[in-house]
Structure formats: structure tokens, C-alpha cells
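The values are calculated or read from the model by the stated rules, or taken from the named source; none is laboratory data. This one's a predicted model, so the numbers in the text were calculated from it and none came from an experiment. Here Cβ is always computed from backbone atoms with ideal geometry, including for glycine, and neighbour counts include all displayed protein chains.
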Amino acid sequence: MILPTKYLPHDRALIGVGAEILNQLKEPRSVSELWECVREDREMRPTATPLSFDWFVLALNLLYAISAIEYGQGIVRRGGAE
């Protein structure tokens, strides 16, 4: 679930989804804005598997747990961006 396996492609593994999220966090964004950016990016890639909002939130939780992102006042930003 966290890492890709023989049966779970990298774009479905939480670490892969997390990488997509971090790629969209060049500037702080709201969760809904970040969700739209990730979805739009995936729609442009024909081989990408569909991403549910639940899976997106799980990836956000993983990134938060490893301090890769910070959340405050409704805004998500990269961790340690100060």
C-alpha cells in the first residue's frame, strides 16, 4: 500500500501519490486546490490510474507523518519550508 509492488503500480502506491502531491506544492495551497491540481495532472497522463479522494488523503497523511508537509490555517505547504 505504501510502496509499489508487483500488484500495485507506482502511481497507486501512497509514496507515488505523495510524490505527485509534493510536485504540486511549489507554493502553499489549500487541500481542495491541491486535489484539483493532482487530478488535472493525472488526467493529462493517459496511463495513470484513477485516484480517489480517499487515496489522496491517505497520501497526505503519510506525507504529514514523515514531516514532508505541514498543515495550518487551511493551507498545505512543504515541510521545513521556513
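Pairing each residue of segment 50-61 that is under 13 Å from residue 2 (Cβ atoms) with any residue that is of a type in the set (Asp, Glu) and assigned to a helix (DSSP H, G or I), provided the two are 6+ apart or on different chains, yields C-beta distances under 9 Å for 59/20. Restricting segment 26-43 to residues that are of a type in the set (Asp, Glu) and more than 20 Å from residue 11 (Cβ to Cβ), which is surrounded by the fewest Cβ atoms within 10 Å (Cβ to Cβ)? Top of the filtered list is 27. Is it the case, given these coordinates, that residue 72 is out of contact with any Pro (no Cβ under 6 Å at 6 or more places or on another chain) and crowded, with 16+ Cβ neighbours inside 10 Å? The answer is no for residue 72.
Checking every residue in segment 44-56 against the condition of being loosely packed, with under 14 Cβ neighbours inside 10 Å, modelled with pLDDT of 95 or more, part of a helix (DSSP H, G or I) and out of contact with any strand residue (DSSP E or B) (no Cβ under 7 Å at 6 or more places or on another chain) gives at least one match. Looking across segment 62-82, the residues that are part of a loop (DSSP other than H, G, I, E, B) and farther than 19 Å from residue 2 by Cβ come down to 73, 74, 80, 81, 82. Looking only at segment 7-25, filter to residues that are in a loop (DSSP other than H, G, I, E, B) and modelled with pLDDT under 95; which one of those is surrounded by the fewest Cβ atoms within 10 Å (Cβ to Cβ)? The residue in question is 7.
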